[in-house]
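Asks: Let me begin by handing over the structure; questions about it come next.
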Amino acid sequence: MTTSFEPGEKIYGLLGHKLSHSYSPQIHEKLGLHGKKHYKYGLFECEPEDIAALLKTENLCGLNVTIPYKQTVLAFCDDISPEVLRIGATNTLVVRDGKISAYNTDYTGFKYMVYASGINVRDKKILVLGSGGASKAVVCALEDLGAREIVIISRNGANGYDNLHLHQNADIIVNATPVGMYPNNLERPLDIRAFPHLSGVLDLIYNPDLTGILLDAETLGIPHLGGLHMLVAQAKAAYELFTDDTLPDSVTNTVVNELKRESLNIVLIGMPGCGKSTIAKKISELSGREIIDTDEEIVKKTRMTIPEIFRKQGELPFRTYEHEAILEAGKSTGKILALGGGAILNPDNYPSLHQNGRIFFIHRETELLATDGRPLSKSPETLKEMQKIRLPLYQEFCDIEIENDGTIEDAAREILGKL
Ligand code: NAP
């Protein structure tokens, strides 16, 4: 994937190997809108042998650099900043008068992430997972922020995952590995419950919004933050190097919030017949978001209708199909997820839905619930009984409760307004 530029157009962008999931073009677009300077930001997926030619391209003004070229490109640079010399890797190149200067804005970005998390790293013992490029920038930033002891946990180093018990007294964990990153959502590099003194968990991963260890930290009431603040803060620092324009720090938070609003899934839960599918269609019409209806996914996969599955196999196999569909749907971003009414019966569905989503409970009085084609909505009495059992579960699962007692458009607009 390589973006094309018009002849004479100034070239900015991201150099890496696999870039299809990058948020960087969106972020630089937003930074340009908040600042005075606007530029086209492309993606340059390159093989190692193409890098020299790319760096000599006429009109090249600025590049961010990601895996696996953060060290490779240093051989082509004329000027290397002190933080790059210290970290040993660059993520930002600026071309001025034909000369290439290398910077590291991951360092600045991580410092901002620590600040945004409210986690105090001064005088703390910190475990940094992974020993790659990002880990090196993190370690430098933590040193400068006054950490007492920094231990790098590496699969090959003296401190590994098989002797973590030596560091049970750690105060803070920073994940600088790709473990838990999309599409391996919910994978964990370690079990944070083994560290009883933890006062903070930071994960550089930004997709999903909440990784496995961040979900665990949330459950345990430990302060935590994911990598989106770092991603935007490092991009803001790169924007400033590219353009000589300065943006206030508040722009970072504004862009983080804008990105979250766009990338979070809208998850709709509620009783069978409460209007989830119709509301999903209306939200899609109003926002352009795609819908994932987990019942439809199950029908596609099993080639049976939902009543047929219940009749031929029973409820238990259906709940397994549903869990599998939710595991997959929960990995998506920026979608509308319409779920079957019983999705809340399995608590294991919650992390999948919560990691990237805002969960809306569509509440509707029992008398108003639709019953056609719904195997478990046999009679008004059954529905009433079901509603009584499920109501507390819906309320426990959801972030926001919506009363569907007006028009479908009212409910859809209320959801979009509360996202
Ligand atoms: P990298 O250079 O590939 O290094 C990752 C390190 O993680 C490796 O050196 C390795 O360390 C460890 N690792 C890799 N696979 C592993 C596995 N399966 N199990 C356990 N450890 C594993 O990547 P990076 O550039 O440092 O980036 C690391 C992570 O940070 C990525 O998820 C990246 O997306 C994220 N990141 C985020 C931002 C941001 O702005 N939010 C910026 C930069 C990077 P050992 O061999 O020592 O175990």
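Asks: Over the chain, calculate the relative contact order: mean separation of alpha carbon pairs under 8 Å at least 6 apart, over the residue count, as a percent.
Replies: Relative contact order for the chain comes out at 12 percent.
Asks: For a quick check: with amide H placed at 1.01 Å from N, whose amide H comes under 5 Å from residue 399's, ignoring anything fewer than 5 positions away on the same chain?
Replies: 359, 360, 361
Asks: Still on this structure, please answer the following. Leaving ligands, DNA and RNA out of it, report the carbon-plus-sulfur percent of the accessible area of the stretch 264-417 at a 1.4 Å probe.
Replies: That fraction is 52 percent.
Asks: In square angstrom, what is the accessible area per residue of the chain with a 1.4 angstrom probe? All intermediate terms of the calculation are to be shown ahead of the outcome.
Replies: Numbers: 19340 Å² over 419 residues.
Value for the chain: 46 Å² per residue.
Asks: Just to confirm the number: angle between the C-alpha axis of helix 380-397 and the first principal axis of the chain, 0 to 90 degrees, nearest 10?
Replies: Here the helix axis deviates by roughly 20 degrees.
Asks: Sticking with this structure for a sec: Compute and list, largest first, the equivalent-ellipsoid semi-axes of the stretch 19-60 from the alpha carbon gyration tensor, each √(5λ) rounded to a whole angstrom.
Replies: That gives 24, 15, 5 Å for the three semi-axes.
Asks: Please report the carbon-and-sulfur percent of the accessible area for the stretch 108-229; probe 1.4 Å, protein heavy atoms only, DNA, RNA and ligands left out. Walk me through the numbers on the way to the answer.
Replies: Details: 2510 of 5130 Å².
Carbon and sulfur atoms account for 49 percent of the accessible area of the stretch 108-229.
Asks: What lysines does residue 384 reach when the alpha-carbon gap must be under 29 Å and sequence neighbours fewer than 8 apart in one chain are set aside?
Replies: Qualifying lysines at Cα under 29 Å: 276, 281, 282, 312, 418.
Asks: I'd like the Karplus ³J(HN,Hα) series for the stretch 92-106: coefficients 6.51, -1.76, 1.60, θ = phi - 60°, whole numbers in Hz, and an x wherever there's a Gly or Pro.
Replies: The phi angles translate into 9, 10, 10, 9, 10, 6, x, 9, 9, 10, 10, 10, 10, 8, 4 Hz.
Asks: Moving on to the next point. Before rounding to the nearest 500, sum -39500 (n - 2.57) across all DSSP H runs of length at least 4 in the chain and divide by the residue total; then give [θ] at 222 nm in deg cm²/dmol.
Replies: Value at 222 nm, helices only, nearest 500: -12000 deg cm²/dmol.
Asks: Same structure, new question: Once Rh is set to the Kirkwood radius over Cα pairs, what Stokes-Einstein translational diffusion coefficient, in µm²/s, holds for the stretch 136-193 at a temperature of 10 °C and a viscosity of 1.306 mPa s?
Replies: Once the numbers are plugged in, D ends up at 124 µm²/s.
Asks: For the stretch 108-229, calculate the relative contact order in percent as a whole number, restricting contacts to Cα pairs under 8 Å that are 6 or more residues apart.
Replies: With pairs under 8 Å counted, the relative contact order is 25 percent.
Asks: Enumerate the whole-percent occupancy of each 10 Å bin, from 0 to the last occupied one, for all C-alpha pair distances of the chain.
Replies: Calculated over all Cα pairs of the chain, the distribution is 4, 20, 26, 22, 17, 9, 2, 0 percent.
Asks: Under the Karplus relation 6.51 cos²θ - 1.76 cosθ + 1.60, θ = phi - 60°, what is the ordered set of whole-Hz ³J(HN,Hα) values for the stretch 335-340, x standing for Gly and Pro?
Replies: 10, 10, 10, 9, 10, x
Asks: Moving to a separate point now. In nm, what is the difference between 0.36 nm times the number of residues separating residue 158 and residue 300 and their Cα-Cα distance?
Replies: Taking 0.36 nm per residue and subtracting the Cα distance, the gain is 46.2 nm.
Asks: Which cross-chain or sequence-distant (5 or more) residues have an amide H under 5 Å from the amide H of residue 337, H modelled 1.01 Å from N in plane?
Replies: Counting only residues 5 or more places away or on other chains, the set is 266, 267, 268, 292.
Asks: What residues qualify as long-range amide H neighbours of residue 43, i.e. H under 5 Å apart, gap of 5 or more or another chain, H built at 1.01 Å from N?
Replies: Amide H neighbours of residue 43: 3, 14.
Asks: Which log10 I(q)/I(0) values, to two decimals, does the stretch 210-257 give at q = 0.28 Å⁻¹ under the Debye formula with one point per Cα?
Replies: Treating every Cα as an identical point scatterer, log10 I(q)/I(0) equals -0.96.
Asks: Additional query: Semi-axes of the stretch 74-194's equivalent ellipsoid from the Cα gyration tensor, sqrt of 5 times each eigenvalue, largest first, rounded to whole Å?
Replies: Values: eigenvalues 169, 53, 37 Å².
Semi-axes, largest first: 29, 16, 14 Å.
Asks: I've got another one for you. Over the stretch 65-114, what relative contact order in percent results from Cα pairs under 8 Å that are six or more residues apart?
Replies: Relative contact order of the stretch 65-114: 35 percent.
Asks: Of all the accessible heavy-atom surface of the stretch 1-84, with the other protein chains kept in place and a 1.4 Å probe, what percent is carbon and sulfur?
Replies: On the way: 2410 of 4560 Å².
About 53 percent, which is the carbon plus sulfur part of the accessible surface.
Asks: Kirkwood Rh, Cα Rg: Rg to Rh for the stretch 264-417?
Replies: 0.93
Asks: While we're on this one: What Kirkwood Rh does the stretch 138-266 have if only Cα atoms enter the pairwise 1/r average? Answer in Å.
Replies: Computed over Cα pairs of the stretch 138-266, the Kirkwood hydrodynamic radius comes out at 16.2 Å.
Asks: I'd like the Karplus ³J(HN,Hα) series for the stretch 115-124: coefficients 6.51, -1.76, 1.60, θ = phi - 60°, whole numbers in Hz, and an x wherever there's a Gly or Pro.
Replies: Along the stretch 115-124, the couplings run 4, 5, 6, x, 7, 8, 9, 4, 6, 9 Hz.
Asks: Once the dipole of the stretch 67-145 is set up with Lys and Arg at +1 and Asp and Glu at -1 on Cβ about the Cα centre, which of 134, 90, 80 lies farthest towards its positive end?
Replies: Checked the options; the winner is 134.
Asks: Another one. Would you mind working out the magnitude of the charge dipole of the stretch 78-181 relative to its Cα centre, with +1 at each Lys and Arg C-beta and -1 at each Asp and Glu C-beta, to the nearest 20 Debye? Write down the numbers at each step before the final one.
Replies: Values: 10 positive and 11 negative charges, 28 e Å.
Magnitude of the dipole: close to 140 debye.
The values are calculated or read from the model by the stated rules, or taken from the named source; none is laboratory data. As the structure is a computational prediction, the values presented were derived from the model and not from experiment. Reconstructed Cβ throughout: ideal geometry from the backbone, glycine too, with neighbour counts over all protein chains shown. Accessible surface is based on the protein model in full, side chains and every heavy atom, while ligands, DNA and RNA are left aside. Shrake-Rupley method; radii C 1.70, N 1.55, O 1.52, S 1.80 Å.
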